[in-house]
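Below is one structure, written out as structure tokens; comments come after it.
The values are calculated or read from the model by the stated rules, or taken from the named source; none is laboratory data. Note that the coordinates shown come from a computational prediction; the quantities given were computed from them, not determined experimentally. We place every Cβ from the backbone using ideal geometry, glycine too, and count neighbours over all the protein chains shown. What goes into the accessible areas is simple: the full protein's heavy atoms, side chains included, and nothing from ligands, DNA or RNA. Shrake-Rupley method; radii C 1.70, N 1.55, O 1.52, S 1.80 Å.
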Amino acid sequence: MLLENDFTADFKDHIKFSYSFFDRIIVRGYILGMFRPANVIALLRNLGFAKHTNGVFKLLSDQLNSHIKKLAFKYEVPILWRENHGGKQMEMQSFVEEHYFDPKKLGVICIVKSLEFMSCYWNKQVTTKKGSLFTKMFWLKKQVTQHYIYINDQVLGFCCLKISSGLPFHCQFYCNGHWFLRRQLDKKRIGYKMQENAFLRIDDQAYVQKLINDFKGGIIDVRIKHWMNKWFRFDKGDRSTCSSLLNHNWYTSQSEICSNVIFKNKGYFNRVYDKILEKHHHLAMPNSLSKLFDLKTERKQSKSTNKVYHQKACAKHWIQGNSIKMYNKGGYLLRVETTINNPRLPGAKLQKPIFEIKGYYWYGFGCNNRFFNAIAKIDATLIGDYENEFTNAVYTKKGKRVAAPDLRNPKQIAVLAILSNPRFTTEWFRTKELMRYLSGYFSNTAEIRYQMEKLIVRGLIEKRQGANYYRVTKKGYAWINIAYSHNKYFLTPLLSNSLQTLIKEVDNGLDIFEKTQKQLKDGLNTIYQQLNIAA
């Protein structure tokens, strides 16, 4: 199940496994022929309405809303108003998942109603030059009731069907590829471990690869039609109906294709990710992005952003509506994700019908692989493959697990900065004394002792027997100074704007900066060996 690219080939000894699949998929449903007023008038006449007044529009909306309300009451489905909970669509989804989702209960979980400005039809009385009145239909934006029907589907898992109650009844469907895989693994009782929307372990990787290969748009289409046949109907009093003239056709609106590489060791992967960040600023150039998205000519409409995600940078590149991003997810997983909003982009030339969604996967998979090949041009020897007590968790004699010092945490760095002073090697000190220097980072001494415990169990700080006094050991003084200096003078500046201009774009081999860093690494290794610290 390993991805095949230059990056996974270079780091195969450190990779646990990898996979590529859809993440979020958004599909939109339209009733064909409803984009012209003349077609709407013809449709209404076929439905038995002699006029196309606003009263007719409101009648259809009321019948649809009534049916959804009755069906929700029948199945005891709670109906919520979005403004009572706040947040965007994805935030609302997290709220529903946290408070209403039950993995053992299939079917509709709850319904969230909201008023949103949507494009729809409305009528207005217009006076002609001769003074006569006639009803003219306009296409405008107005507030329309939206129903977000959250579902625990027996095939797709946790998903959402959005039904608009205003003519022309545009609908949307949201699902996630990871929930689909999770549902199928649960059916087969295959073990796995997930962190948010990513797999860290799958016991039967061959079966999952088969699911990925066999996944197609028809699977989504069948489930959408199943739920639309239940919920998109019009209340006629003693029954609810829906004319065949109001059937929706479904088209892909947005798809996210993610490629995930799960590393065996968190400490090693963090060093790999830091190296990628410091080396590959040139990927944001328009010519580089054009190659990533398989475009024949350079495209100027592009941009790149950098954000913080779980204390690590998230690099995202855009080109004409489509994007690709990379981030460190949870400390073990490197995710590269292509988001397709513009299927007509030259190089993609994808079709919008849901049945063509497999083409989106292969195009996104290709973009991800090209991105992996680009970030693979680093010297792995500069990363180091050591995994020791300073990068792994250790256990005390009583069996208590103590995490490794986290050099990404500002509080941990603040403690190291104070303890790097030689006086703490020769004199005993108390945490109360450190509090005077660290009051800007910690609210009490207990938080300082928590950070110090990581150093104490590794022999970097010793505690006086029978008293709450501490002292930095010789081994600790050496490690603290090297770790703090490496973070302050090497890692942090590499991510600053002032040093980005020094990192030159190269296609092969090492640049001048990398050669210099290699010399520094060799010097640090010599210091480690002299101090009997494993490098």
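Return the total of residues in region 225-252 being assigned to a strand (DSSP E or B), surrounded by fewer than 21 Cβ atoms within 10 Å (Cβ to Cβ) and hydrophobic (A, V, I, L, M, F, W, C).
Total satisfying the criteria: 1.
Between a residue in region 254-270 that is open to solvent by 10 Å² or more (accessible area, probe 1.4 Å) and any residue that is assigned to a strand (DSSP E or B), which pairs come within a Cβ distance under 6 Å, given they are 6 or more apart or on different chains?
From residues that are open to solvent by 10 Å² or more (accessible area, probe 1.4 Å), the pairs are Gln254/Ile26; Glu256/Asp23; Glu256/Arg24; Glu256/Glu337; Glu256/Thr339; Lys264/Lys16.
Restricting to region 352-367, name every residue that is closer than 12 Å to Ile340 by Cα, touching a residue at least 40 places away in the same chain (Cβ under 8 Å) and in a helix (DSSP H, G or I).
Once the filter is applied, which keeps residues that are closer than 12 Å to Ile340 by Cα, touching a residue at least 40 places away in the same chain (Cβ under 8 Å) and in a helix (DSSP H, G or I), region 352-367 yields Ile357, Tyr360, Tyr361, Tyr363, Gly364, Phe365, Cys367.
Could you please give the count of residues in region 99-135 that are within 25 Å of Val56 (Cβ to Cβ), touching a residue at least 60 places away in the same chain (Cβ under 8 Å) and open to solvent by 40 Å² or more (accessible area, probe 1.4 Å)?
Residues in region 99-135 being within 25 Å of Val56 (Cβ to Cβ), touching a residue at least 60 places away in the same chain (Cβ under 8 Å) and open to solvent by 40 Å² or more (accessible area, probe 1.4 Å): 2 in total.
Report the residue count in region 15-56 for those that are open to solvent by 50 Å² or more (accessible area, probe 1.4 Å) and within 30 Å of Leu333 (Cα to Cα).
Going through region 15-56 one residue at a time, the tally reaches 2.
Out of the residues in region 1-14 that are touching a strand residue (DSSP E or B) at 6+ places or on another chain (Cβ under 6 Å) and not in a helix (DSSP H, G or I), state the one that is surrounded by the fewest Cβ atoms within 10 Å (Cβ to Cβ).
Met1
Residues in region 253-265: is at least one on the phi < 0 side of the Ramachandran plot and not in a strand (DSSP E or B)?
Yes, because at least one residue in region 253-265 is on the phi < 0 side of the Ramachandran plot and not in a strand (DSSP E or B).
Would you mind telling me which numbered condition in (1) open to solvent by less than 60 Å² (accessible area, probe 1.4 Å); (2) more than 31 Å from the chain's Cα centre (by Cα); (3) modelled with pLDDT under 55; (4) not β-branched (Val, Ile, Thr) Leu460 fails?
(3)
Tell me which residues, restricted to region 330-360, are closer than 13 Å to Phe21 by Cβ and open to solvent by 10 Å² or more (accessible area, probe 1.4 Å).
Lys358
On the given criteria, is Leu80 at negative phi, surrounded by 14 or more Cβ atoms within 10 Å (Cβ to Cβ), hydrophobic (A, V, I, L, M, F, W, C) and in contact with a Gly (Cβ under 8 Å, 6 or more places away or on another chain)?
no
Residue check: is Val155 assigned to a loop (DSSP other than H, G, I, E, B), of a type in the set (Val, Ile, Thr) and either open to solvent by 30 Å² or more (accessible area, probe 1.4 Å) or in contact (Cβ under 8 Å) with a residue 40 or more places away in the chain (or both)?
Criteria met by Val155.
I'm checking my understanding of the structure. Among residues of region 70-101 that are of a type in the set (Asp, Glu) and more than 22 Å from Cys175 (Cα to Cα), which one is modelled with the lowest pLDDT?
Looking at the filtered set, the residue picked out is Glu83.
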